[in-house]
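J.: Would you mind keeping the following structure in view while I ask a few things?
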Amino acid sequence: MNLTVLRAHALQREDATRMELAEAARELQEWNDRIARLEARAGCDADTYLEQARRGGTAEELFAPLDAMNQALETRKRMEERQTSLQSQWATKRDAVLEAMRDRKKLDLLVSRAQQEQRRRQERQDQALLDERAWRRNPLRPGERE
């Protein structure tokens with residue numbers, strides 16, 4: 001297969017994996033934002049609980065914020081598990097991008113070398129043509145020095 005075709009394919013693969021990495025990063029950031037909002041809400045629930053405890057509220061008034069805080073802890077646990085999964089996916093995508101970049105750079109190098117070799121061959125052919133033309137114009141005659 002032609003190196004330029006392989007390079008184009010490698011470039012497309014790199015672009016596609018970069019897009020996947022960006023999507024994974026966006027999703028991870030969304031989860032981080034959700035966790036931050038949950039923590040803020042849990043802080044408000046804790047403040048509500050402390051305020052009601054200071055005022056000496058009824059047992060039901062005290063249990064409602066406690067239930068909310070317990071639910072928030074459970075939700076936080078599930079969200080952290082998902083966050084860990086997303087971080088792992090992001091790292092995998094990052095590794096895929098790095099591998100795609102290495103592959104493309106290798107192909108860039110091979111294409112560059114092939115182009116240099118083509119230029120050298122062309123220069124040798126051009127020089128041989130010039131040498132032949134020069135010889136035809138002024139061929140050596142017997143007795144002349146080389």
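The values are calculated or read from the model by the stated rules, or taken from the named source; none is laboratory data. Here the structure is a predicted model, which means the values were calculated and not measured. With ligands, DNA and RNA removed, areas are computed over all heavy atoms of the protein, side chains included. Shrake-Rupley method; radii C 1.70, N 1.55, O 1.52, S 1.80 Å.
J.: Between the alpha-carbon centers of the range 1-20 and the range 50-108, tell me the distance in whole angstrom.
T.: The range 1-20 and the range 50-108 have Cα centres spaced 34 Å from each other.
J.: Which of A100, A16, A134 moves the most in a Gaussian network model of the chain with Cα springs under 10 Å?
T.: Per the Cα network of the chain with a 10 Å cutoff, A134 tops the list.
J.: Restricting to Cα pairs below 8 Å that are 6+ residues apart, what does the relative contact order work out to for the chain? Please round to a whole percent.
T.: It rounds to 41 percent for the chain.
J.: So what's the angle, to the nearest 10 degrees on a 0 to 90 scale, between helix 3-55 and the longest Cα principal axis of the chain?
T.: 20
J.: Would you mind working out the accessible area per residue for the chain, using a 1.4 Å probe, and quoting it in Å²?
T.: Roughly 78 Å² per residue, with all protein chains present.
J.: Choose one answer from R124, R26, R34: the residue with the largest mean-square fluctuation in a GNM of the chain with alpha-carbon springs under 10 Å.
T.: R124
J.: If you don't mind, another one. Helix-only mean residue ellipticity at 222 nm, the chain, DSSP H runs n ≥ 4 weighted -39,500 (n - 2.57), per residue, nearest 500. What is it?
T.: -34500 deg cm²/dmol, from helical runs alone.
J.: Roughly how tilted is helix 59-137, in degrees to the nearest 10 and between 0 and 90, from the longest Cα axis of the chain?
T.: 0
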